[in-house]
Amino acid sequence: MTPLLEVENLRVSFPTPRGPVEVVRGISFTLGRERLGIVGESGSGKSMTGRAILRLVRPPGRVAADRLSFDGLDLRSQSEGEMRRLRGARISMIMQDPKYSLNPVMTVGEQIAEAVRAHARMSRRALRQRVRDMLEAVRIEAPDRVAKLYPHEVSGGMGQRIMIAMMLIPEPDLLIADEPTSALDVSVRAQVLDLIDDLIKRRGMGLILISHDLDLVARYCDRILVMKEGEIVESCPAQNLGAATHPYTRALLAAAPRLDETRAELPVLDRSAA
Amino acid sequence: MTLDLSRPTLRDWLLADSPASRTQARLGRAYRASLALLRNPLAVLGALIILALLVLALIAPLIATDPIAQDLPNRLQPPSGAHWMGTDELGRDIYARVIYGTRITLEIVVLVAILAAPLGLVIGAVSGYFGGWADRVLMGLTDIFLSMPKLILALAFTAALGPGIEHAIIAIAISSWPGYARIARAETLTIRRAEYVAAVELQGASALRVIWGHILPLLTSSLIIRVTLDMAGIILTAAGLGFIGLGAQPPAPEWGAMISRGRSFILDQWWVATMPGFAIVIVSLGFCFLGDGLRDVLDPRSAERR
Amino acid sequence: MAFEPETAIVATLDEVASARRQRVPGLRILFGVGLFLLTLALTFIGLLAITFFIGRVVPIDPVVAAVGDRASKAVYEAAKAAMGLDRPLPVQFAAYVGDVLRGNFGVSVSTGRPVAEDLARVFPATLEMATLGILIGVALGVPMGVTAATRQGGPVDQVIRVVGLLGYSVPAFWLGLVGLALFYARWKLVAGPGRVDIAYDGLVGQHTGLILVDSLIEGNTDVFFNALRHLTLPAAILGFYSLAYIARMTRSFMLEQLAQEYVTTARVKGLPERLVVWRHAFRPILVPLITVIGLSYAGLLEGSVMIETIFSWPGIGNYLTVALLNADMNAVLGATLVIGAVFVLINKGSDALYRLVDPRAR
């Protein structure tokens, strides 16, 4: 069986007055129907990796790779129209902050329905039913009422569940979740992540969870990639994280506070560690 | 990591990420801005046009004959080798008049900028810095002026003051300061809350000192953009006043007034009205191109929007 | 001419943004309406103060203008008292406001009729031309702005940018002259100056004052088409200025929108680019665009001053210029006041509309 996603030597660069700057510098990984976590500090290139897979890096950014294939399809050679048929329907992405990622002047229902209609024709009634089912699947009570609301009328946690509904309703094979909880209240983070976890397991999808939070990724993923300055510095199964060898990963682990904390002061990341 | 021992070039020094001195930071910023400006062909074109305007105004006597000298036997001659743009109804050389017209245009533009920009700047900065009643009164006044059509306001003022180029300049200045005041206030409000302003205030600096030393310098770049973009409007308004007969008075070679004279001959001697019109369009476009380019380069808000 | 109300828009957007943050209906709305009427009233008083200032305080002495500069001291003083000019300025101002509120702008020296009557007669001609102009401006300017934004930096964007900047750089009176010389005199594509040919003048009665509407009411298609041929060129020129402004503003609004996260969301969903642009990026700017169109419409009233002079168009702009040249201050101030008032009304009105239409502000 071919893996869901194969990435080889992926590079993303942006031009600056002093020549191009690479934000992703030749990373490679493969993904099956499993949960992969990508961790790194901000600016490590993890978000750009997600967007590069969807071919949504805006110009003047440039993407290059030796291999970028999804379910046997070469993403590099797809036309814009073919990419469009893949986006949403087969690869989807949950973005960071529902406050900015939901359209402020369209109702929630319209925006979810649109994600289905972009890929399938169906009657108005079937569509409404499907939206209702999906909203229930993301555990929203009174889905008919919520569907008529505008994004500014819902809370952050509910906004993110709406985002999940919108991205999962066309039943994609791969979900990229780019910092799906970092804009949310701590109290609702676990709920949202449990929801994503539950839905992708039930549907047998692949997941790429992008986050700066090592603990969170360790809890929800099977495998972990640690990125630093555009490169993968560590790749290991989640349960072996404690045994990670790379000094950067060790430093990240050490910088996380523990419940049974005995240290008087948390160590600060030593950025000179190469 | 290896240590780079090669000597840094001037370019590297200018483009340094962490400048070591204020001068280096300033020069670096100017260098980066001019690099970006040079990549914008329209902005370069605009700068060249304005440069040409300055040079032509300066050397007018060297390249053109007397703009007021009449030559009645040669009236209304079409463009030729002797008269590149033809002659007008009094036999005056239109080319010479257009060239000398650059001086009048430059005078108007410079004087309006000198009168209106500092006035708007100070009113806006004071209004934004002090807030409260000062702000309400000053901005109320500004908004009233802003809500009135500029050209009509200028027309009414010139009508009241009487025709003449000085009056036209005053009238245009009166109708242009409110725009600058608005911008200056908006920017002052954002700067006002900055930590470093609070730091200066804690050291006991007077309001005057804070505004003069720490707020006004930061307002200049957006004001320069604004004034440059406004120049076209100022030139058009001045030409309009000249056209109606309220601006520069004959025989001054003012472009708007020249078009007005050529109006009667537009069907048979098209060059009389058309030539000064092209001059107005080219100079105004020059300011627009440069202003547009400057805004793209200097205004961080629009730069972020790519 | 100088259609440059960009700063006004910046202010408007800031205000709306702050209004959006306060989301308590009922009392807020009532408060908002009250505040709106108050600022409107204050702006009008300011407008009156400026025209009053121009009319009474500046060098031309209205008494000398009335009695001539050779009148004796006694005659001068008598005339001054009769005109109420011996009273303190605030009292004069109050009287002036009272007059204006009663619709009394004084008598025009050049036409010999009350200024208010003159204005009512000429205003529809300007309205007709400006309305056709704004329709042209919106129909062309909005698609141009959207296209430029979606192709930012490309050749199409550059061309649209230059066209837009030409709208800020070409004198309206000159464009009118050149237009007449080419389209009317040389190619005979349109009719010349005036609202209709002399042969058709006065053939239809005044119902609305808009000749296109009046001729249709009376079923006179000859007059209708003749008037349309006269209207085309001046309206197209006004349309050019408004499209330049509208296209530039649309472009900058769209660029801001296209960089929004929810536009990326729309792309992630796999929507075709057409829907991404028009549904997700364009729909949110509809509301600020209304303000821009309103401002542009008001700007056309201003632009009509020059155009009407060139096209001998019997509108308010022409009336104003004639009055200016005759130092007919009553007429100048009356016309200034009316144009200013319409300007303010459109300005503030589109602002209010903004708040009504935007779901975030409701």
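In this simple spin-label model, placing a label point 7 Å from the Cα along the Cα-to-Cβ direction at both A:Glu8 and B:Gln203 gives a separation of 6.1 nm.
Listed by Cβ neighbour count within 10 Å, with the fewest neighbours leading, B:Trp271, C:Trp278 appear as C:Trp278, B:Trp271.
Shielding value for A:102-108 is 6, the average number of Cβ atoms from other chains within 10 Å of each residue's Cβ.
For the residues B:Asp143, B:Asp268, B:Asp93, a GNM of chain B with alpha-carbon springs under 10 Å puts the largest fluctuation on B:Asp268. Each peptide in A:3-9, A:188-194 gets a packing score, the mean of other Cβ atoms within 10 Å over its residues, and the list from highest to lowest is A:3-9, A:188-194. Per residue of chain C, the DSSP helices (runs of n ≥ 4 H) give a summed -39500 (n - 2.57) that works out to -24000 deg cm²/dmol at 222 nm. Evaluate E = 1/(1 + (r/R0)^6) for B:Ser18 and A:Leu73, where r is the Cβ-Cβ distance and R0 equals 41 Å; express this FRET efficiency to the nearest 0.05. That pair, B:Ser18 with A:Leu73, gives E of 0.35.
Taking chain A as the reference, fit the longest principal axis to its C-alpha atoms, fit the long axis of helix A:124-137 to the helix C-alpha atoms, and give the angle between the two in degrees, 0 to 90, nearest 10. Between helix and principal axis, roughly 40 degrees. Projection of the Cα convex hull of the range B:177-223, averaged over all directions and equal to a quarter of that hull's surface, yields 3.2 nm².
Here each label is just a point 7 Å from Cα along the line to Cβ, and for C:Leu275 and A:Leu149 those points are 2.4 nm apart. For C:Ile45 and B:Tyr31, a Förster radius of 41 Å and the Cβ-Cβ distance give a FRET efficiency of 0.20, rounded to the nearest 0.05. Taking the alpha carbon gyration tensor of the range C:141-208, multiplying each eigenvalue by 5 and rooting it gives semi-axes of 36, 17, 11 Å, largest first. Each of B:Ile63 and B:Arg11 was given a label point 7 Å from its Cα along the Cα-to-Cβ line. The distance between the two points is 3.3 nm.
Multiplying the residue separation of C:Asp222 and C:Val109 by 0.36 nm and subtracting their alpha-carbon distance yields 37.0 nm.
A protection proxy built from the mean count of other Cβ atoms within 10 Å ranks the segments C:131-140, A:196-205, C:244-253, most packed first, as C:244-253, C:131-140, A:196-205. Residues considered: A:Pro104, A:Pro172, A:Pro59. Largest GNM mean-square fluctuation over chain A, using C-alpha springs under 10 Å, is found at A:Pro59.
Global size of chain A: 19.4, 63 Å for Rg and Dmax (C-alpha atoms, Rg to one decimal, Dmax whole). Could you calculate the FRET efficiency of B:Glu89 with C:Leu182 from 1/(1 + (r/R0)^6), where r is the beta carbon distance between them and R0 is 22 Å, rounded to 0.05? The calculated FRET efficiency here is 0.55.
Hydropathy first: keep DSSP H helices in chain C averaging at least -1.0 on Kyte-Doolittle, then drop any whose Cα extent along the axis falls short of 30 Å, and list what survives.
C:27-56, C:115-150, C:221-258, C:283-310, C:329-357
Taking amide H positions as modeled 1.01 Å from N, with prolines and chain starts lacking one, the residues under 5 Å from A:Lys228 and 5 or more places away or on another chain are A:Val233. Ordered from longest to shortest, the equivalent ellipsoid semi-axes for the protein assembly as shown are 60, 32, 29 Å, each the square root of 5 times a Cα gyration tensor eigenvalue. Could you tell me which of rounded, prolate or oblate describes the range B:1-83, using a ≥ b ≥ c as the square roots of the eigenvalues of the alpha-carbon gyration tensor, with rounded for a/c under 1.5 and, failing that, prolate when a/b is larger than b/c and oblate otherwise? Because a/c hits 1.5 or more and a/b exceeds b/c, the range B:1-83 counts as prolate. For chain C, rounded, prolate or oblate, judged on the Cα gyration tensor with a ≥ b ≥ c (square roots of eigenvalues), a/c < 1.5 rounded, else prolate if a/b > b/c? In terms of gyration-tensor shape, oblate. Once you divide the Cα radius of gyration of the range C:103-257 by 2.2 N^0.38 Å, the number left is 1.27.
Distance from a point 7 Å along Cα→Cβ of B:Leu218 to each backbone N in the range B:13-52: keep the residues under 15 Å and list them by number. So the set is empty, nothing qualifies.
Cβ crowding within 10 Å, taken as a proxy for footprinting-reagent exposure, orders A:Lys99, C:Lys188 from fewest neighbours to most as C:Lys188, A:Lys99. Per-peptide packing, taken as the mean over residues of other Cβ atoms within 10 Å, places C:286-292, A:136-142 in the sequence C:286-292, A:136-142 from highest down.
In the range C:52-163, one over the average inverse separation of all distinct C-alpha pairs is 18.9 Å, which is the Kirkwood hydrodynamic radius. The mean number of Cβ atoms from other chains found within 10 Å of a Cβ in peptide C:160-170 is 6, as a whole number. Shielding by partners for peptide B:230-240, expressed as the average number of C-beta atoms from other protein chains within 10 Å of each residue's C-beta, is 5.
For the range B:60-175, count the residues as N, evaluate 2.2 N^0.38 Å, and divide the Cα radius of gyration by that value, please.
Numbers: Rg = 21.1 Å, N = 116, 2.2 N^0.38 = 13.4 Å.
Ratio of Rg to 2.2 N^0.38 Å for the range B:60-175: 1.58.
In this entry, the range A:1-49 is assigned a mean projected area of 4.0 nm², taken as a quarter of its C-alpha convex hull surface. For a test of the definition: using alpha carbon positions, the gyration tensor, and the 1.5 limit on a/c, classify the range A:66-216 as rounded, prolate or oblate. Judged from the Cα gyration tensor, the range A:66-216 comes out oblate (a/c at least 1.5, b/c at or above a/b).
Each value in this text was obtained by applying a stated rule to the coordinates, not by laboratory testing. Bear in mind that the values here come from a model prediction, so they are computed numbers and not experimental data. Positions of Cβ are backbone-derived with ideal geometry, glycine not excepted, and every protein chain shown enters the neighbour counts.
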